[in-house]
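Okay, so here's the structure we're looking at.
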Amino acid sequence: MATKGFVALTAIGLALGAAVWAAKPPRTSGKVDETAIGDRTPTFYKDVLPIVQQHCQTCHRPGQIGPFSLLDYQSARPWAKAIKSAVAARKMPPWLANPEYGHFNNDRSLNQTEIDTIVAWANNGAPAGDPTDAPPAVQWPEGGWTIKPDVTVDLPPYSVPATGVMEWERLAIPSPFKEDTWVTSVQILPGAPSVVHHLCFDFHNHKPATPYNVYEWVEVPRDDAGVSKIHDGSAQAIEGTVHTRAVGSTEETRRQGRPDIDGGIEYCYLPGLTFEDYRPVHAGIFVPAGSDMLLNIHYTTNGAAVMDRSRIGFTVAKVPPAKKFVHQTNGGEGDESPESPVGGQQQANEKLAIPPNDGNYLGPPTDITFKKDTELVSLRPHAHVRGKSVRYTLIYPDGREEIVLDVPHYDFNWQLTYRTSLKIPKGSRMHVQFTYDNSRSNKYNPDQSKWVYYGGQSWEEMGSPFLGFLMDRNAKEEDVMEER
């Protein structure tokens with residue numbers, strides 16, 4: 001498995017994946033009049049534009065990941081056949097959940113009438129129609145934001161080299177909030193999406209010993225193909241040779257021990273995911289005054305040296321919201337939050353060992369037991385390029401089982417959040433099962449002849465369920481659930 005193969009794979013995957021998961025534009029008065037279409041030829045302004053405003057313009061507008069704009073007829077018309085093919089095959093908009101299970105309020109998939117409308121429009125010459133039939137234009141925020149932020153943070157510019165294996169790096173910066181604040185949405189804008197494998201952070205209370213504006217990472221012993229030689233189920237080493245480099249410097253220092261900075265993973269940019277919005281469920285996250293933002297940053301080289309200038313935007317509440325949003329975190333090393341709802345690993349990661357040429361490997365499952373009644377509002381499965389499928393099964397106290405999410409064709413390029421509202425009674429258990437494809441039939445597989453173990457690089461593997469819950473604003477999160 002040559003490094004060159006990694007580079008090509010990652011460039012393709014991340015270029016596709018930088019689009020947001022399910023943004024809903026501001027409401028307009030335009031919608032498809034299904035009863036009025038009948039046998040007439042649909043037109044862009046009257047029939048197609050309302051559909052693409054609601055489902056497509058998040059990605060298909062200038063400055064976003066879509067390869068062409070769908071803001072106006074002149075931009076859309078040359079792509080009519082490609083649009084038809086993508087929507088007819090249900091490849092676009094990306095939505096991977098099996099419709100037989102669960103209900104998701106951010107489902108961005110097109111219904112059959114919408115698909116038929118677009119297909120008929122393309123088949124009949126993609127006519128423009130009367131511009132006066134067009135709904136009002138969506139007022140998208142400037143600067144590439146999907147949600148107009150109240151507060152922004154510019155991360156330090158980062159020079160990503162053309163080649164080499166880069167480990168997960170940690171960085172601490174002061175949060176922008178000098179007073180106790182309720183954050184109601186978080187959006188991460190990667191400056192160079194083709195090389196940002198992930199960019200995550202947590203809010204933590206400041207510690208005097210935490211150094212600001214210093215990158216830290218732990219050296220991982222790797223073979224010539226870039227694969228970790230340690231198969232203990234860890235995504236990143238927590239102890240060993242610690243490398244440090246000040247922001248803006250090229251000089252590195254080394255020491256033995258543990259990093260001084262904890263790397264957060266609660267709020268993330270991932271391929272296909274750039275924001276979390278808690279406003280629709282009247283919730284937020286509480287950030288104490290003077291907190292630090294502890295970042296966990298992972299770049300993947302793609303053959304060209306680039307400069308990344310990523311940004312983070314927040315909306316904030318004027319008054320405390322009724323509910324608070326709670327992440328199910330890994331609960332592993334460095335998770336010091338006394339309110340963390342889950343402790344321990346996501347799964348028995350040390351047992352993940354995918355044999356060569358195995359196209360249907362069953363990974364070690366995760367079981368999460370709930371210690372009191374709670375409301376599940378989001379599910380975000382995460383695996384790497386050999387991820388094949390994932391299923392979440394809720395087992396109630398009386399033994400009844402319910403599949404709450406089934407993703408039969410997981411796609412690393414579209415790591416979507418599935419938003420729901422499911423009341424979970426005390427004593428229930430969530431069983432999460434990933435499968436993996438290490439065969440030649442997996443077009444993203446860099447090398448089917450290798451054993452694959454748990455690790456933090458795209459050519460290694462993992463499988464994390466990442467659940468999100470709503471709680472009363474003053475509830476104690478550690479009483480909600482336990483992981484085993």
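The values are calculated or read from the model by the stated rules, or taken from the named source; none is laboratory data. Small disclaimer: the values here were computed from a predicted structure and weren't measured. When we count neighbours, we look across all protein chains shown, and the Cβ atoms used for this are built from the backbone with ideal geometry, even at glycine. Ligands, DNA and RNA are excluded from the accessible area calculation, which covers all protein heavy atoms including side chains. Shrake-Rupley method; radii C 1.70, N 1.55, O 1.52, S 1.80 Å.
A few notes on this one:
- Net length available on complete extension from Ala304 to Arg400 is 29.3 nm, with 0.36 nm assigned per residue and the Cα-Cα distance removed.
- Highest average first, the peptides 375-385, 304-314, 252-262 ordered by how many other beta carbon atoms sit within 10 Å of their residues are 375-385, 304-314, 252-262.
- Using distinct alpha-carbon pairs, which all enter the 1/r mean, Kirkwood radius of the stretch 360-403 in Å: 12.9 Å
- In the context of the full set of protein chains, residues of the stretch 158-292 present 42 Å² of accessible surface per residue (probe radius 1.4 Å, heavy atoms only).
- Around the Cα centre of the stretch 90-239, unit charges on the Cβ atoms of Lys, Arg, Asp and Glu (plus for the first two, minus for the last two) sum to a dipole of about 80 debye.
- In the chain, the longest principal axis of the Cα atoms and the axis of helix 112-123 are about 60 degrees apart.
- Length gained when the stretch Lys318-Asp154 is fully extended (0.36 nm per residue, less Cα-Cα span): 56.7 nm
- Entries of Lys84/Lys423; Lys148/Lys207; Lys324/Lys372; Lys207/Lys229; Lys178/Lys324 with Cα pairs more than 28 Å apart: Lys84/Lys423; Lys148/Lys207; Lys207/Lys229
- With each label modelled as a point 7 angstrom along the Cα→C-beta vector, the Ala246-Lys229 pair spans 3.3 nm.
- Shape call, the stretch 385-436: gyration tensor on alpha carbons, a/c limit 1.5: prolate
- Kirkwood's formula applied to the C-alpha pairs of the stretch 182-224 gives a hydrodynamic radius of 14.5 angstrom.
- Here the chain is treated with +1 on each Lys and Arg Cβ and -1 on each Asp and Glu Cβ, and its dipole about the Cα centre works out to around 940 debye.
- Furthest towards positive pole of dipole, Asn438, Met92, Tyr453, structure part the chain, Cβ charges: Met92
- Accessible surface computed residue by residue for the stretch 357-447, with neighbouring protein chains in place and a 1.4 Å probe, gives 38 Å² per residue.
- The three principal axes of the C-alpha atoms in the stretch 80-163 carry coordinate ranges of 50, 40, 34 Å, sorted with the longest axis first.
- Annotation: extensible slack from Thr253 through His282 equals 5.8 nm (criterion: 0.36 nm per residue apart, minus Cα-Cα distance).
- What a 1.4 Å probe finds exposed on the chain is 50% carbon and sulfur by accessible area, rounded to a whole percent.
- Per-peptide average of other Cβ atoms within 10 Å, ordering 79-91, 193-205 highest first: 193-205, 79-91
- Scattering curve values for the chain, log₁₀ I(q)/I(0), Debye with Cα scatterers, q = 0.10, 0.12, 0.13 Å⁻¹: -0.79, -1.15, -1.34
- With the cut-off at under 13 Å, measuring from each backbone N in the stretch 101-123 to a point 7 Å along the Cα-to-Cβ line of Thr41 picks out 120-123.
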